[in-house]
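The values are calculated or read from the model by the stated rules, or taken from the named source; none is laboratory data. Everything numeric in this text was worked out from a predicted model, so none of it was measured. Note that we place each Cβ from the backbone using ideal geometry, even for glycine, and neighbour counts take in every protein chain shown.
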Amino acid sequence: MIDLHVHLIGHMDRLATRENIRDYLEQARISKIRQIGFADHDLYWDQLDLPLIREVASEYPDLQVRVGLEAEYSVGQEYSLSQMIKSFEFDYIIGSVHEIGDWAFDYPSEERAHFQQDSDELYSKYFALVEKAACSGLFSIVGHFDLIKIFNARPKTDVRILAARALEAIKDNGLVVEINTNGRYKPVNEFYPEIKLLEEMKKMEIPFTLGSDAHEAKVVGRDLWEARGILKTLGVKELIGFKKQRQELFCIE
């Protein structure tokens, strides 16, 4: 079992301390997680203590503790992000899109705005950014692939059509897609990506990993066994972990 989307400091809810790291790793043990990856938002770069995670990890030889980063993709900011990524020996980088232009669309205060514009156009703009992110060469994993559905504003066009070019870019660039279980706890009330997209990804042989998107220790591993079961039902036989930017295979039994 893998959980590669874990936020140690959340949205600056706590400090990166030994005690807090241990809380997450203890919960990983409880949740029977074999590989856990800390991937805080690049927004909080100056508050991260990445070497400390590796130090505390030595206390947990039964866990494969990985250090990643969830990085926001922004057009025109690729070079500065690449320099940040090169400054530490990360195991993987999650590429995410939370903003369309200067609009941070996933804030609760923005829910109404999702229903005040054409949904097909909204989804098209979002997936165009995901496509660019996939082609940037910066990322290992695509985070919460269909985050744009967060408030349950659905497109009129089949989402597989709207996402097609982004999916091709992910396939062509050898990226991994996570099943992110945190969507169940948002207004949309379902995992990211939705089942139709998972089926399409399986057909395209796009590999998968898992992430709880935990912003506090007690959420580590939440619903991941269910997500694993969904993949098994679809005929997926392997999950992808990471070490030093190299993929590791985990068999789904």
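Among the conditions (1) outside any loop (DSSP other than H, G, I, E, B); (2) in contact with a His (Cβ under 9 Å, 6 or more places away or on another chain); (3) farther than 26 Å from Leu239 by Cβ; (4) not aliphatic (A, V, I, L, M), the only one that Phe38 does not satisfy is (3). If you filter the stretch 86-121 down to residues that are closer than 24 Å to Val177 by Cα and of a type in the set (Gly, Ala, Ser), you find that the one that is farthest from the chain's Cα centre (by Cα) is Ser119.
Quick grid of which residues meet (1) outside any strand (DSSP E or B); (2) β-branched (Val, Ile, Thr):
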| residue | (1), (2) |
| --- | --- |
| Tyr44 | yes, no |
| Ala71 | no, no |
| Leu81 | yes, no |
| Ile85 | yes, yes |
| Gly95 | no, no |
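Of all residues in the stretch 199-253, those satisfying the criterion of being acidic (Asp, Glu) and assigned to a helix (DSSP H, G or I) are Glu199, Glu200, Glu226.
Pairs are defined by a Cβ separation below 9 Å, a sequence spacing of at least 6 or placement on different chains, a first member in the stretch 223-244 that is under 23 Å from Tyr185 (Cβ atoms) and free of Cβ contacts under 8 Å to residues at least 12 places away in the same chain, and a second member that is in a helix (DSSP H, G or I) and charged (D, E, K, R); no pair meets this definition. Residues of the stretch 218-225 include at least one that is within 25 Å of Val65 (Cα to Cα), surrounded by fewer than 19 Cβ atoms within 10 Å (Cβ to Cβ), at pLDDT 95 or above and of a type in the set (Lys, Arg). Pairing each residue of the stretch 154-168 that is closer than 14 Å to Ile206 by Cα with any residue that is surrounded by fewer than 20 Cβ atoms within 10 Å (Cβ to Cβ) and among the small types (Gly, Ala, Ser), provided the two are 6+ apart or on different chains, yields no C-beta distance under 7 Å. In the stretch 1-32, of all residues being polar (S, T, N, Q) and part of a helix (DSSP H, G or I), the one that is nearest to Asp46 (Cα to Cα) corresponds to Asn20. Selection of the stretch 100-152 for residues being more than 21 Å from Lys186 (Cβ to Cβ) and part of a loop (DSSP other than H, G, I, E, B) yields Gly101, Asp102, Asp118, Ser136, Gly137, Leu138, Phe139, Ser140. Taken over the stretch 160-198, the residue count meeting the criterion of being among the aromatic types (Phe, Trp, Tyr) and assigned to a loop (DSSP other than H, G, I, E, B) is 1. When the stretch 2-31 is examined, which residues are found to be surrounded by 14 or more Cβ atoms within 10 Å (Cβ to Cβ) and at positive phi? The answer is Gly10, and nothing else. Determine whether Arg34 is over 29 Å from Lys149 (Cα atoms), touching a helix residue (DSSP H, G or I) at 6+ places or on another chain (Cβ under 8 Å) and surrounded by fewer than 16 Cβ atoms within 10 Å (Cβ to Cβ). No; evaluated as a whole, the condition is false for this residue. Among the residues making up the stretch 164-185, a single one is within 11 Å of the chain's Cα centre (by Cα) and among the charged types (D, E, K, R): Glu178.
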